[in-house]
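Chemist: I'd like to ask some things about the structure below.
The values are calculated or read from the model by the stated rules, or taken from the named source; none is laboratory data. For clarity, every value in this text was computed on a predicted model and none was experimentally measured. With ideal geometry, Cβ positions are generated from the backbone for all residues, glycine too; neighbour counts draw on all protein chains shown.
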């Protein structure tokens, strides 16, 4: 008698499941990559490519169709017609008539030809604006629904631990609260549009050894509990996410794809997740080929199923024929398959697939409407960070006659796009195919922004490589100009095709190639120089905080990024982005997080200093803000909410947006605690001279941590609170004493994932 507990399901699902053969069950647990070719759009895709023909794989039905729109540049209308016909075929020509779930990547917008491309997730973090990210998710989801897509493989909730890791641009922040609040907002937006979001990569992936992709993870249980897991818990419990994808990593020697502790005991039993767990691409097979914990693909399938993976993506390398053989020879309990199938059928029922007729495919599709572009522009503008400024910014267009626009990223649309944008993810393999949408470069935007100025455009060097022959021409152009804009940074790509992105990990954090030399020689010309960094990771550019007149950082701002940066430079828009990740001092100081205990910072007993060049939360504006009079209750119970109030004033001469940041520190605890922890934030727009009172309601569980038993608790004791311009800026401070017994935070607590809310009263 099997002891596998089956999930509760509707009568319709129960009846359908009762009729299924083993082959029909397994068909629902796999995807098929109809368009898969030799392009490197997933790790080891060529090596793992299935030889099974689609007609054979789908003969008994199929669970997922993999990246129907996102593998090659296909016309959306033509592809939709094919998809509708294929869904009708599955409905009419397979015995049970079950349509497939269609999934796509949607990390920077729908990854399809002609679809809008939004800022990369690291830019979402820089915006500190969950509401706008939720709005973006809703727009992206609407585009996906038009095309018959049901599931999006986003958001990425990995907390940044080491900027050397190539996938940093896919992440939101180094702070789990920012990751959780913004990531959950994206989940809500996508799912409000009827698309099931998929959390990636559960869990630990970003904490890989030395920042190397797929490297082992040595995180202890406390780092998992207090840093890496909270964003996922927020999205599950507060966001109601419907799908989760496992991490490729092994954590302390146990591959996540084979960990029932994580995928079942924690995710389902403790957090109450009742959706579907899908495998990251080929990760079930990796249990055999890479982790070497399974002797063959059948054993790999058994381990993954038992752990809690329900669907193998992108294809059925392990869950098809190898799993069927393992069931028939008694190595796998069929009840494990039943459990997964019931979850998949329930998901299809939720998505309305059982009642969909697929009668009329769309004949007109606009995936990049004015609404898409407006939101892309707003989010890009909010995400751009001003890191230094000697007063040169904002530029006065009427006083500029000649501008030297220098650098390899100045006139490149690709430089505005992240790794998982369709442009860099897919079109890089199809150089003869047009981009499919308007992607103005920064130079294009500057020509519109500065119509009276002559722009002299000189690349100076490439993004990578050691060719310095173009630098003298760049310096000469700068000397003849009123101001020089030097635009440097990254080119996103995959697996060695680029300087950042999946598989593009680095050993140092210097700007790629000879770009630093380009900047320094232009600065040495004596011409006022503004440096703009377009990148997917923070680089060790502390040296650029002094010589250049201004330093602007943009994390891949998307299709309207050129316009957004141009608007910041001229003051049409005031900068409001804040660093979602510390600006590193050096590669040798990594891994680093502002969430470090006392021993993680500088001290007199080591000559090595890990202090970042700029701290988490830092960002300048074109005005000044004062934070004062922060107040909190003198005492509060360990199981109560705290209301903390601060006065915020615009003390400058221009309108601006302040990102009000509330930090806390547990002065003494039973285990070491961070010297600073963000517990609330809010974007507040103020006119010159205007002030407001911002009130934060902070659940006590925001202060919880894993104690020596591994139980998340809130302990009595003193808590310091402060508000300032970054985690290091204690502009106004107060203290609260938590009283009462140690409060154990449980799944039923309700305050585990509550979001701190800011309310403003103006005067």
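Chemist: Can you pull out the residues in the stretch 214-229 that are modelled with pLDDT under 95 and under 18 Å from the mean Cα position of the chain (by Cα)?
Modeler: Hit for the stretch 214-229 is 214, nothing else.
Chemist: Take the residues of the stretch 199-210 that are over 12 Å from the mean Cα position of the chain (by Cα) and buried (at least 24 other Cβ atoms within 10 Å of the Cβ): which is farthest from residue 184 (Cα to Cα)?
Modeler: Step one: list which residues in the stretch 199-210 are over 12 Å from the mean Cα position of the chain (by Cα), which gives 202-205, 207-210.
Subset that is buried (at least 24 other Cβ atoms within 10 Å of the Cβ): 202-205, 207-208.
Numbers: 202: 14, 203: 16, 204: 18, 205: 19, 207: 21, 208: 24 Å.
Applying the filter and picking the extreme gives 208.
Chemist: Of all residues in the stretch 413-435, count the ones that are surrounded by 19 or more Cβ atoms within 10 Å (Cβ to Cβ) and in a loop (DSSP other than H, G, I, E, B).
Modeler: Residues meeting the conditions: 7.
Chemist: Among the candidates 518, 545, 579, which residue alone is more than 23 Å from the chain's Cα centre (by Cα) and either surrounded by fewer than 22 Cβ atoms within 10 Å (Cβ to Cβ) or farther than 21 Å from residue 463 by Cα (or both)? Please lay out each step first, then the result.
Modeler: Working: 518 fails: either surrounded by fewer than 22 Cβ atoms within 10 Å (Cβ to Cβ) or farther than 21 Å from residue 463 by Cα (or both); 579 fails: more than 23 Å from the chain's Cα centre (by Cα).
It is 545.
Chemist: Residues in the stretch 354-367: is at least one out of contact with any strand residue (DSSP E or B) (no Cβ under 8 Å at 6 or more places or on another chain), crowded, with 21+ Cβ neighbours inside 10 Å and outside any helix (DSSP H, G or I)?
Modeler: Checked the stretch 354-367: at least one residue is out of contact with any strand residue (DSSP E or B) (no Cβ under 8 Å at 6 or more places or on another chain), crowded, with 21+ Cβ neighbours inside 10 Å and outside any helix (DSSP H, G or I).
Chemist: Continuing with the same structure: With the checklist (1) under 31 Å from the mean Cα position of the chain (by Cα); (2) in a strand (DSSP E or B) in hand, flag the one item residue 636 doesn't pass.
Modeler: (1)
Chemist: Another question, then. Considering only the stretch 701-716, state which residues are touching a strand residue (DSSP E or B) at 6+ places or on another chain (Cβ under 6 Å), surrounded by fewer than 23 Cβ atoms within 10 Å (Cβ to Cβ) and not in a loop (DSSP other than H, G, I, E, B).
Modeler: Matches in the stretch 701-716: 706, 712, 713.
Chemist: Residues being in a strand (DSSP E or B) and surrounded by fewer than 23 Cβ atoms within 10 Å (Cβ to Cβ): count how many of those fall in the stretch 62-93.
Modeler: Qualifying residue count for the region: 0.
Chemist: I'd like the full set of residues that are surrounded by fewer than 19 Cβ atoms within 10 Å (Cβ to Cβ) and over 31 Å from the mean Cα position of the chain (by Cα), limited to the stretch 436-454.
Modeler: 447, 448, 451, 452, 454
Chemist: Further, regarding this structure: Just wondering, is there one or more residues in the stretch 390-408 that are at positive phi, touching a helix residue (DSSP H, G or I) at 6+ places or on another chain (Cβ under 9 Å) and either surrounded by fewer than 21 Cβ atoms within 10 Å (Cβ to Cβ) or not in a helix (DSSP H, G or I) (or both)?
Modeler: So in the stretch 390-408, the residues at positive phi come out as 391, 407.
With the extra rule that they be touching a helix residue (DSSP H, G or I) at 6+ places or on another chain (Cβ under 9 Å), the set shrinks to 407.
This time we only want the ones that are either surrounded by fewer than 21 Cβ atoms within 10 Å (Cβ to Cβ) or not in a helix (DSSP H, G or I) (or both), so: 407.
Checking the stretch 390-408: at least one residue is at positive phi, touching a helix residue (DSSP H, G or I) at 6+ places or on another chain (Cβ under 9 Å) and either surrounded by fewer than 21 Cβ atoms within 10 Å (Cβ to Cβ) or not in a helix (DSSP H, G or I) (or both).
Chemist: Considering each residue of the stretch 281-313, count those that are in a loop (DSSP other than H, G, I, E, B) and in contact with a helix residue (DSSP H, G or I) (Cβ under 8 Å, 6 or more places away or on another chain), and give that number. Quick ask: steps written out before the conclusion?
Modeler: In the first step, residues of the stretch 281-313 are kept if they are in a loop (DSSP other than H, G, I, E, B); the result is 281-282, 290-296, 308-310, 313.
Remaining after also requiring in contact with a helix residue (DSSP H, G or I) (Cβ under 8 Å, 6 or more places away or on another chain): 281-282, 291, 293-296, 308-310.
So the answer is 10.
Chemist: Still on this structure: Can you report the number of residues in the stretch 713-744 which are under 27 Å from the mean Cα position of the chain (by Cα) and at pLDDT below 95? Walk me through it before giving the result.
Modeler: Our first condition is that a residue be under 27 Å from the mean Cα position of the chain (by Cα); within the stretch 713-744, this holds for 723-729.
Pick out the ones that are also at pLDDT below 95 and you get none.
The total comes to 0.
Chemist: Restricting attention to the stretch 720-727, does a residue exist that is crowded, with 21+ Cβ neighbours inside 10 Å, under 22 Å from residue 594 (Cα atoms) and in contact with a helix residue (DSSP H, G or I) (Cβ under 9 Å, 6 or more places away or on another chain)?
Modeler: Checked the stretch 720-727: no residue is crowded, with 21+ Cβ neighbours inside 10 Å, under 22 Å from residue 594 (Cα atoms) and in contact with a helix residue (DSSP H, G or I) (Cβ under 9 Å, 6 or more places away or on another chain).
Chemist: Considering only the stretch 265-288, how many residues are more than 11 Å from residue 304 (Cβ to Cβ) and surrounded by fewer than 23 Cβ atoms within 10 Å (Cβ to Cβ)?
Modeler: 9
Chemist: If you don't mind, there's one more thing I want to ask. Being touching a strand residue (DSSP E or B) at 6+ places or on another chain (Cβ under 8 Å), part of a loop (DSSP other than H, G, I, E, B) and in the same structural domain as residue 534 (by TED's automatic domain parsing) is the filter here, so list the residues in the stretch 581-619 that pass it.
Modeler: Listed by number, the residues that qualify are 582, 595.
Chemist: Go through (1) surrounded by fewer than 21 Cβ atoms within 10 Å (Cβ to Cβ); (2) farther than 30 Å from residue 498 by Cβ and name the single condition residue 632 misses.
Modeler: The failed condition is (1).
Chemist: Just to check your reading of the model, which residue among 485, 448, 439 is assigned to a loop (DSSP other than H, G, I, E, B), under 16 Å from residue 411 (Cα atoms) and in contact (Cβ under 8 Å) with a residue 60 or more places away in the chain? Working first, answer last.
Modeler: Numbers: 485 fails: assigned to a loop (DSSP other than H, G, I, E, B); 448 fails: assigned to a loop (DSSP other than H, G, I, E, B).
That would be 439, the only listed residue that is assigned to a loop (DSSP other than H, G, I, E, B), under 16 Å from residue 411 (Cα atoms) and in contact (Cβ under 8 Å) with a residue 60 or more places away in the chain.
Chemist: Go through the stretch 237-264 residue by residue and tally those that are out of contact with any helix residue (DSSP H, G or I) (no Cβ under 7 Å at 6 or more places or on another chain), assigned to a helix (DSSP H, G or I) and either surrounded by 23 or more Cβ atoms within 10 Å (Cβ to Cβ) or modelled with pLDDT of 95 or more (or both).
Modeler: The number of residues fulfilling the criteria is 1.
Chemist: May I pose another question? Exactly one of these conditions fails for residue 215: (1) in a loop (DSSP other than H, G, I, E, B); (2) out of contact with any strand residue (DSSP E or B) (no Cβ under 6 Å at 6 or more places or on another chain); (3) farther than 23 Å from residue 270 by Cα. Give me its number.
Modeler: The single condition residue 215 does not satisfy is (2).
Chemist: For the list (1) surrounded by 24 or more Cβ atoms within 10 Å (Cβ to Cβ); (2) under 25 Å from residue 104 (Cα atoms), I need the number of the one condition that residue 342 fails.
Modeler: (1)
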